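Just so it is clear, none of the values below were taken in a lab; they were calculated from the coordinates. Keep in mind the model is a prediction, meaning the values are calculated, not measured. All Cβ positions, even for glycine, are placed from backbone atoms using ideal geometry, and neighbour counts span all protein chains on display.
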Amino acid sequence: MGVFLAFPILIIAAVLQAVLLPHTGLIGGGPNLIFLLVLAWALNAPIEQAFFWAVIGGVATDLLSAAPLGTSALGLVLIVFVMNLFLGQFYELGLLLLVLMALFGTFAFEFYRMVALDAYQVLGYIPADAPFSITWGNDIANVIAPVMIYNVISILPVYGVLRLLQRRLPRVE
């Protein structure tokens, strides 16, 4: 059932992220809704569902951005994979672990996207006159840092809502 919920939830979130959130940031940037939804869902779902959410969320994000198709999907799949390996070391998910995963996961995902977009531009897959360019120091301070702050603040309500939804779904044996 979680697979079927991915489409409407992630597509609506991608549209909100592309259309509404760029105009609401107070300190630059805004929360990465797709990242938050994929992370929150993956924490209590089978790995296959988590990968499915990562792919759908990444493709929806890339369809509404200047990034080549698959860039965000690969990053989200890598984050889910590493998170799954990391979570195997803990018995229970606590508040501190949830916040730390949002913090470090956001940095890793956004940094990966910057590296990928810079590589695409150097290789010529993105034209040199594209409406954006990567300036490392500026982008880390003015893009990644605010997104990290927003995601750390937003992960708790997003996780809470998705956890309630997951508990209402029938268990898959």
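Within the bounds of the range 115-125, is there any residue that is closer than 30 Å to Phe4 by Cα, without any contact (Cβ under 8 Å) to a residue 60 or more places away in the chain, touching a Gly at 6+ places or on another chain (Cβ under 9 Å) and among the aliphatic types (A, V, I, L, M)? Scanning the range 115-125, I find at least one residue that is closer than 30 Å to Phe4 by Cα, without any contact (Cβ under 8 Å) to a residue 60 or more places away in the chain, touching a Gly at 6+ places or on another chain (Cβ under 9 Å) and among the aliphatic types (A, V, I, L, M), so the answer is yes. In the set (1) under 30 Å from Leu95 (Cα atoms); (2) aliphatic (A, V, I, L, M); (3) exposed (fewer than 15 other Cβ atoms within 10 Å of the Cβ), the condition left unmet by Ala128 is number (1). Can you work out which of the residues in the range 51-76 that are over 27 Å from Pro127 (Cβ atoms) and in contact with a Gly (Cβ under 9 Å, 6 or more places away or on another chain) is surrounded by the fewest Cβ atoms within 10 Å (Cβ to Cβ)? Checked the range 51-76; the qualifying residue surrounded by the fewest Cβ atoms within 10 Å (Cβ to Cβ) is Phe52. Summed over the range 20-64, the residues that are under 14 Å from the mean Cα position of the chain (by Cα) and of a type in the set (Ser, Thr, Tyr) give a count of 1. On the basis of being more than 19 Å from Gln166 (Cβ to Cβ), assigned to a helix (DSSP H, G or I) and touching a helix residue (DSSP H, G or I) at 6+ places or on another chain (Cβ under 6 Å), does Gly58 make the cut? Yes; evaluated as a whole, the condition is true for this residue. Taking the criterion of being more than 28 Å from Pro170 (Cα to Cα) and assigned to a helix (DSSP H, G or I), the residues of the range 16-55 that qualify are Leu16, Gln17, Ala18, Val19, Leu21, Pro22, His23. Scan the range 142-170 for residues that are in a helix (DSSP H, G or I) and either in contact with a strand residue (DSSP E or B) (Cβ under 8 Å, 6 or more places away or on another chain) or not β-branched (Val, Ile, Thr) (or both) and the total you get is 18. Determine whether the range 101-114 contains at least one residue that is β-branched (Val, Ile, Thr), free of Cβ contacts under 8 Å to residues at least 60 places away in the same chain and not in a loop (DSSP other than H, G, I, E, B). For the range 101-114, residues β-branched (Val, Ile, Thr), free of Cβ contacts under 8 Å to residues at least 60 places away in the same chain and not in a loop (DSSP other than H, G, I, E, B): absent.
Please find, within the range 122-141, the residue that is farthest from the chain's Cα centre (by Cα) out of those that are of a type in the set (Val, Ile, Thr), in a loop (DSSP other than H, G, I, E, B) and more than 13 Å from Pro68 (Cα to Cα).
Thr135
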